[in-house]
Amino acid sequence: MSSTLSISPITKNFINGVLSNGQATTIDVLSPSDGKVISKVVLSSTDDLSDAVAAAHKALPGWSGMTLKERVQVFYKFRQLLERDIEELTELVHLENGKIHSEARAEVMKGIELTEFACSLPQMISDEIQEVSQGVECRTSHVPVGVVASITPFNFPAMVPLWTIPNAIALGNCMIIKPSEQTPISAMKIAELLKEAGLPDGILNVINGDKQIVEAICDHPDIEAVSFVGSTHVAKIVYQRATSNLKRCVALGGAKNHLIVLPDAHVDMTATNVAASMAGCAGQRCMAASAMVAVGQIDHIVDRICEEARNIKVGENLGTVISQAAKDRIERYITEAEEQGAKVLVDGRNVTVPGKEDGFYVGTTVIDHVRPDMKIAQEEVFGPVLSIMRTDNIDDAIKIENASNYGNASSVFTQNGSMANYVMDRVSAGMVGVNIGVPVPREPFSFGGWNESRFGVNDITGKSSISFWTKLKKRTTKWNPEDRTNWMS
Ligand code: NAD
């Protein structure tokens, strides 16, 4: 742990601007780098949630009554504070998640970009107005939805909360955020910084907990909208439960991202991008390369990918996975694939880092001759593991990608533009790329997959998120008594 960090022994709730224990019990928060307890986090009760929702409701009229230009001022200040405390936030992310320092810093940098997007909302949203018949005007305006919730996963403890907090709050909503119980500390720091930036109490409330509190969020009658990011299994539960309670919901799920590599691909560019995509954040990214479809004879590229993968070393440029359970699960996938005839070219099982023997490390792993019917080819592994499947032609490669239930990301590696377009037009994924391992759209482009990688209509960031966090009011007005009435007015 960094000597400059002071971590509270208990990660509490943050309700109405103050830290509170509530009626909660606690569980341990571990540092995945050495398995040691770094804090305990409260598991809130439904009464704690009701307190948070009541605080948000109380704050709502004042906050939603301000103009958008007034509200974003807080986020200009917040952005400065994120820059001021970037090292501390980076350390917190590293400590609770296990990713390496540069990855943790990049996550906070992305949080800054997301905040900049929220600051630019007044330049992006203008009411529309038109004289629709003589003397009669129609005007549409974006109004806040009300009290909204955001439920987040462990893998980006700062970035995913910042996918939702700045936009939802700048657009006039009050929010309850429920971070992952495995990585709750960074979200608390974000709440603290927003308070320092001048966000009035009650507008952002952090409620810690697990499954029980997520269910309570979906059921709470005074929460109007729920955003969720996590596994597909839970995304389905949350989407079904929230919408059956007549809330709007966007629920982002897991992924199985396919990279399709054609024989003309640039060898170095392909190898570095594929390896960085599968190993970055220890493969715990919903945009990580997990399956590679090798089209035709590309052994020379596979060899270079293995070389790159071997240069990514645990404890140096490769962090941990989140838990012992995750490490065991990932290693089981590898062993099972090997038993079924796949060939392990680079083996990341049973690795340790001297001095950190209790850390949850898995080394980079490349497995060749994986068959599409194997579990490792179909399920989300969420570790630094690349499964290579072989095909003779591009249409079979596209068929393999299309057979996946997921649809977050897909990339094609080629130097032929028309081939690239052919693949991009046909893969069934919301975010597609050419010669890029992690095709994440940057702001103002929005983030969101297809199929079982996202339930609901909107993307979670960027321009697409505006319609999730607002409702349209349509006003029709006539002031001049001399204006005639006609069939339209
Ligand atoms: P998870 O689904 O286990 O947990 C996400 C949230 O749901 C947490 O806050 C957790 O407390 C809560 N939760 C867990 N089980 C629950 C249950 N049975 N009922 C109700 N709530 C429950 O996900 P995770 O392990 O924290 O995160 C990793 C997953 O998130 C991966 O599948 C990854 O692909 C996905 N993810 C997706 C995206 C995306 O944009 N599509 C982004 C980041 C992560």
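The values are calculated or read from the model by the stated rules, or taken from the named source; none is laboratory data. Here the structure is a predicted model, which is why all the values come from computation and not from measurement. With ideal geometry, Cβ positions are generated from the backbone for all residues, glycine too; neighbour counts draw on all protein chains shown. Side chains are part of the model used for accessible areas, which takes the heavy atoms of the whole protein and leaves out ligands, DNA and RNA. Shrake-Rupley method; radii C 1.70, N 1.55, O 1.52, S 1.80 Å.
Data table
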{"read-out": "Residue in region 106-126 that is over 20 Å from Gln73 (Cβ atoms) and in contact with a Lys or Arg (Cβ under 6 Å, 6 or more places away or on another chain) present", "value": "no"}
{"read-out": "Scope region 189-215; condition farther than 19 Å from Arg79 by Cβ, open to solvent by 10 Å² or more (accessible area, probe 1.4 Å) and aliphatic (A, V, I, L, M); matching residues", "value": "Val214"}
{"read-out": "Residue list for region 243-255, filter: within 11 Å of the ligand (Cβ to nearest atom) and under 21 Å from Thr470 (Cα atoms)", "value": "Val250, Ala251, Leu252"}
{"read-out": "Residues that are open to solvent by 10 Å² or more (accessible area, probe 1.4 Å) and not in a helix (DSSP H, G or I), drawn from region 263-286", "value": "Pro263, Asp264, His266, Arg285, Cys286"}
{"read-out": "Gly230 being within 21 Å of Ile376 (Cα to Cα), within 9 Å of the ligand (Cβ to nearest atom), in contact with a Leu (Cβ under 9 Å, 6 or more places away or on another chain) and open to solvent by less than 30 Å² (accessible area, probe 1.4 Å)", "value": "yes"}
{"read-out": "Count - residues of region 174-191 that are free of Cβ contacts under 8 Å to residues at least 60 places away in the same chain and either under 13 Å from Ala52 (Cβ atoms) or not hydrophobic (A, V, I, L, M, F, W, C) (or both)", "value": "4"}
{"read-out": "Residue within region 185-200 that is within 13 Å of the ligand (Cβ to nearest atom) and of a type in the set (D, E, K, R) present", "value": "no"}
{"read-out": "Region 439-465, residues that are more than 12 Å from the ligand (Cβ to nearest atom) and buried (at least 19 other Cβ atoms within 10 Å of the Cβ)", "value": "Pro439, Asn458, Gly462, Ser465"}
{"read-out": "Residue pairs meeting the criteria (Cβ under 9 Å; at least 6 apart or on separate chains; first at positive phi, in region 160-173; second part of a helix (DSSP H, G or I) and small (Gly, Ala, Ser))", "value": "Gly172/Ser64"}
{"read-out": "Set Gly383, Gly355, Gly433: member being surrounded by fewer than 24 Cβ atoms within 10 Å (Cβ to Cβ), of a type outside the set (A, V, I, L, M, F, W, C), under 20 Å from the mean Cα position of the chain (by Cα) and closer than 26 Å to Phe154 by Cβ", "value": "Gly433"}
{"read-out": "Residue in region 72-83 that is part of a helix (DSSP H, G or I), free of Cβ contacts under 8 Å to residues at least 40 places away in the same chain, closer than 22 Å to Ile176 by Cβ and open to solvent by 30 Å² or more (accessible area, probe 1.4 Å) present", "value": "no"}
{"read-out": "Spans of strands (runs of 3 or more DSSP E) in region 1-63 with at least 2 residues in the same structural domain as Asp219 (by TED's automatic domain parsing) and either exposed (fewer than 14 other Cβ atoms within 10 Å of the Cβ) or among the acidic types (Asp, Glu) (or both)", "value": "25-30"}
{"read-out": "Criterion (among the charged types (D, E, K, R), open to solvent by 30 Å² or more (accessible area, probe 1.4 Å) and under 21 Å from Leu193 (Cα atoms)) met by exactly one of Glu116, Glu96, Glu107", "value": "Glu116"}
{"read-out": "Residue count for region 403-421, restricted to those that are over 23 Å from Gln284 (Cβ atoms), open to solvent by 70 Å² or more (accessible area, probe 1.4 Å) and in contact (Cβ under 8 Å) with a residue 24 or more places away in the chain", "value": "3"}
{"read-out": "Residue in region 209-217 that is more than 18 Å from Met431 (Cα to Cα), away from the ligand (no atom under 14 Å from the Cβ) and either in a loop (DSSP other than H, G, I, E, B) or not aliphatic (A, V, I, L, M) (or both) present", "value": "no"}
{"read-out": "Residues of region 152-184 classified as within 9 Å of the ligand (Cβ to nearest atom) and closer than 25 Å to Leu472 by Cα, total", "value": "1"}
{"read-out": "Residue list for region 119-133, filter: open to solvent by less than 70 Å² (accessible area, probe 1.4 Å) and either in a strand (DSSP E or B) or free of Cβ contacts under 8 Å to residues at least 24 places away in the same chain (or both)", "value": "Asp127, Ser133"}
